[in-house]
Amino acid sequence: MGDPTPAAGPAVLAGGRHPATAVPAPSGPPGPSGRAGAGRAVLAGCRRVVAAAGWLWFAIALVAVWWFASADSTSAYFPPLRTIVHRLYELWIVGDAKSQLAPSLEHFAAGYGIAGAGGIALGALLWGVRPLRESTSPLLYFCYVLPAPALLPAVITLFGIDTTMKVAIISFAAVWPTLLNTVDGMRGVDPVKLDTARALGLSPLRTAGSVVLPAALPQIVAGLRNSLQVAIILMVVSEMTASTSGIGYFILTAQQSLAITDMWTGIIVLAVLGSALNLVFVAAERFVLAWHYGARAAEGKRS
Amino acid sequence: MTVQPEGTVSVGRADPPGNSGTPDIPANPGTAEAAGAPVLSVRGLRKVYPLGGRTERVAVADVSFEVARGEFVCVVGPSGAGKTTLLRCMSGLLTPTAGQALVEGQPLRRVPAQVGVVFQDYGRSLYPWLTVNRNVALPLKVRGMDRADRAERIADVLASVGLHDVGRRYPWQLSGGMQQRVAIARTLAYRPALLFMDEPFASVDAQTRFDLEDLILRVRERFAVTVVFVTHDIDEAVYLADRVVVLSGSPSTVREVVPVPLPAARDQRGTRALPEFLALRRRLLELVTSR
């Protein structure tokens, strides 16, 4: 399970379907669709809580183990978790370390926004203009496999070390999964849906907007999710390489000034931030693709 | 092998005894042609698929027939006879290799605005991201109908296929039979003069199939639409049609065009028990299975 398009479209690139096209499977049963009975919704809710407890207990147990195992630690590198949490409260809740979050999030938002919108737009363009797609395909693959951090020195040379540089490197690195998934998803649209569009009299432009785009959306969203991970990674890496602010900068300077506890707090905050962004993404995905999960569930029930 | 033209043109409107199903509607405004002129005219149609290299597959060898205004014509043939290919060529979805199909005298470059197509696989033809209402609204939007008229038209056409209170639901929340009704309603919404149906009831259960067959006969009467209905089911063809075009096996040609002189008012139990029905059925079965 996990592939949103039943008809696997021909791979966009000579190299075949790249790993980024895999769609993460929904972690639970899709929400009750439309007019399902209230009783059933409550039941599903209960089940979800039980399921959540099912996977949360392990995380809770791990934290507990960390807490007690590190309680008497005198190592400078592994301070007790209690100390870390205390410091986290001092620095990030009451202190002013949280001001480091604003620039990071700004870079992330701008870079990811450009990557997402640009990826979909360019992907649609490449889908629509076949000669362009065929001639650029080797280049795209080349860019996709190139590790973006390797470009950092070049980007710094070009843009300096300010916001522009970070937004540029984040968007450059994060655009590929969305772009390639958009092309692939649009090429894989069920031909019956396209025949239907022609039979109903839809113009090519309207077909692209009203049929091809929504039909490819599950795979486009999968690409956006991959881009999200890449954008977070590049946000941190760019701040660690050349920066005077941001959470990556905070973690690195804490480590360099031997404030190991502070460093740990930065890492935890980053993990929480990444999880929060992922959760927001998943919630948005559930909303936008409700029809997709609903249709798939209905299909499964029937066959 | 071609069909003798006199056998086809004449059968059209005048022939069947008491075929009250389609009253002689005034010829479409805009077509100055006489009411007897064929709505669809297929001439020497041939479709060859290249298979790469020098090999090719002849899906449709040579097919000619005509359909008069208001007629219900079924196309039957053994499986793999290129029925779907033929339908795609006749509706303008596919360009034939040779010959042509004319709709109201016009050669096809794309699917004409007055043509509707209902596909076999409603699950793939309906758009799952749109509600039933929005699915039906799509061709109306394309034709520039304003919002209020659309709402009225959608409610009316859904009611005419026996659907009520499903407009805000999604197609995948409905049963297979209801989904195909939505697909039919979406096509009828823009009032096509000519309706192509490609084995539309092949993927529903038997009871639903009977219901849908009767539905399409009612709909045909109400909307005065000409229907070309492709099926592999001989009983279905005899039950529905005014005439049946029998294709040979692949590569297909027209083996024979069989008129169905059954009374226009048909019902599942009565009509299927008529001796004429059984005789026609036997004859068609012979034609389809003979080599």
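The values are calculated or read from the model by the stated rules, or taken from the named source; none is laboratory data. Quick caveat: nothing in here was measured; it's all calculated off a predicted structure. Reconstructed Cβ throughout: ideal geometry from the backbone, glycine too, with neighbour counts over all protein chains shown.
General observations
- In this structure, B:Phe201 qualifies as out of contact with any Gly (no Cβ under 8 Å at 6 or more places or on another chain) and aromatic (Phe, Trp, Tyr).
- Residues of region A:143-168 that turn out to be surrounded by 11 or more Cβ atoms within 10 Å (Cβ to Cβ), closer than 18 Å to A:Gly223 by Cα and of a type in the set (A, V, I, L, M, F, W, C), as a count: 3
- The criterion of at least 1 residues that are touching a residue at least 40 places away in the same chain (Cβ under 8 Å) and hydroxyl-bearing (Ser, Thr, Tyr) is met by the following strands (runs of 3 or more DSSP E) wholly inside region B:193-291: B:226-230, B:252-259.
- Flag: A:Val237 does not match the condition of being assigned to a helix (DSSP H, G or I), more than 10 Å from every other protein chain (Cβ to nearest Cβ), in contact with an Asp or Glu (Cβ under 8 Å, 6 or more places away or on another chain) and under 30 Å from A:Pro103 (Cβ atoms).
- Test set (1) surrounded by 14 or more Cβ atoms within 10 Å (Cβ to Cβ); (2) closer than 27 Å to B:Thr85 by Cβ; (3) modelled with pLDDT of 90 or more - B:Ala224 fails condition number: (2)
- The single residue among B:Gly70, B:Gly18, B:Gly53 that is at pLDDT 90 or above and part of a loop (DSSP other than H, G, I, E, B) turns out to be B:Gly70.
- Residues in region A:94-110 that are of a type in the set (Gly, Ala, Ser), more than 18 Å from the chain's Cα centre (by Cα) and surrounded by 17 or more Cβ atoms within 10 Å (Cβ to Cβ): A:Ala97 only.
- Being within 14 Å of chain A (Cβ to nearest Cβ) and surrounded by fewer than 23 Cβ atoms within 10 Å (Cβ to Cβ) is a property that B:Pro112 has.
- Checking each residue in region A:245-258 for being without any contact (Cβ under 8 Å) to a residue 60 or more places away in the chain, surrounded by fewer than 16 Cβ atoms within 10 Å (Cβ to Cβ) and either among the hydrophobic types (A, V, I, L, M, F, W, C) or not in a helix (DSSP H, G or I) (or both) picks out only A:Ser257.
- Restricted to region B:117-131, and to residues there that are within 21 Å of B:Ala193 (Cα to Cα) and at the interface with chain A (Cβ under 7 Å from one of its Cβ atoms), the residue that is surrounded by the fewest Cβ atoms within 10 Å (Cβ to Cβ) is B:Phe119.
- Selection count where residues are more than 10 Å from chain A (Cβ to nearest Cβ) and surrounded by fewer than 21 Cβ atoms within 10 Å (Cβ to Cβ), scope region B:135-147: 4
- In region A:185-226, residue surrounded by the most Cβ atoms within 10 Å (Cβ to Cβ) [restricted to those that are under 18 Å from the mean Cα position of the chain (by Cα) and away from chain B (no Cβ under 14 Å)]: A:Gly223
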